[in-house]
Amino acid sequence: MEAVRAAIEKQVLSLTGLALGGVDFENPPGDPGLFGPQSVIWQVHRDFTPMLCGGVSALLLQMLHPLALAGVWDHSNFREDMIGRLRRTSQFVSVTTFGPTAEAERLIAKVKAIHLRVTGIGSDGTPYAASDPALLTWVHVAESSRFLASHLRYRNPHLSRELQDQYYREAARVAAALGATAIPQSCAEVDDYLQAMRPQLVCDERTQEVARILLKAPAPSALARPLGGVVMQAGIDLLPDWAQRQFGFHPGALRRRLVRTGAAGIGKVLGASMRNGSYQRAVRRITQPS
């Protein structure tokens, strides 16, 4: 059984930012990182399957913004390496949530520097810059709202509204460090923000192509292939209803139930198999005497 658990964990870790290496989550001893274990963001970001489903959903939602899409289209190798893009996003989220303070600050500074180089002209002729505070806010809200939605569906549907608001306040600290402004910091503010953004969102041929590439991204191994299919469909299911309609996704009630049952079952198996994820390594770091 231990060999099976270890094999499952190896496959899981191959999909995460840990596969990229370069960050020691277990040192220095006692360092709580940016948030620490008492934070709500640790609760929401700790489980692999809900975070992966939420991450897929976040990327789809982000791509409805024409300028966010333009930055990815012009400056990313997503067509050849969608899994790599997901790993890099996973690394940023896991390091800023669970990593030691110095590593989290280093990665934030690195991403800020990359954003300064990502500029161009959108398909409608509008200039864009990844460092634009308003665009950073959109990317952040799309991401954090889908992570929380996934946590509520697959991990803890009883998380109180007060703690959900606290999650948004905590997550906003990373967005602000990247340069975002006017960041929604409660459930009500996030809901209002998403509704206010809807007139700016577009699903055109390029949006659809990104979605197709994402949903058909090759799994890193044959063992991970069934997981990938369920996760992709769960990501679609986590989109707001209006965003699903905009993409042209129309899953029926039976398909929704099957996807949710499948994702929940996979989450239980993978959750029981994890010993060396970012969360577990961070716990070991913090419980070591400094």
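Structure notes:
- Residue list for region 266-289, filter: open to solvent by 30 Å² or more (accessible area, probe 1.4 Å) and either closer than 21 Å to residue 59 by Cβ or of a type outside the set (S, T, N, Q) (or both): 266, 268, 269, 271, 272, 275, 279, 281, 283, 284, 286, 289
- Consider region 144-159 and keep the residues that are of a type in the set (D, E, K, R) and farther than 17 Å from residue 172 by Cα. The one that is least open to solvent (accessible area, probe 1.4 Å) is 153.
Residues are listed down the side, and each one gets a yes or a no for (1) under 24 Å from residue 76 (Cα atoms); (2) hydroxyl-bearing (Ser, Thr, Tyr); (3) open to solvent by less than 70 Å² (accessible area, probe 1.4 Å):
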residue	(1), (2), (3)
180	yes, no, yes
183	no, no, yes
186	no, yes, yes
198	no, no, no
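- Whenever a residue of region 73-92 is open to solvent by 70 Å² or more (accessible area, probe 1.4 Å), its partners that are in a loop (DSSP other than H, G, I, E, B), lying with C-beta atoms within less than 7 angstrom and at least six residues away or across chains, give the pairs 75/118.
- Residue ranges of helices (runs of 4 or more DSSP H) in region 174-290 with at least 1 members more than 24 Å from residue 40 (Cβ to Cβ): 187-197, 205-215, 225-238, 241-247, 253-273
The values are calculated or read from the model by the stated rules, or taken from the named source; none is laboratory data. If you're wondering where the values come from, they're calculated on a predicted model, not measured in any experiment. FYI the Cβ positions are ideal-geometry reconstructions off the backbone, even for glycines, and counts take in every protein chain you see. Note: accessible area is taken over every heavy atom of the protein model, side chains too, but ligands, DNA and RNA are not part of it. Shrake-Rupley method; radii C 1.70, N 1.55, O 1.52, S 1.80 Å.
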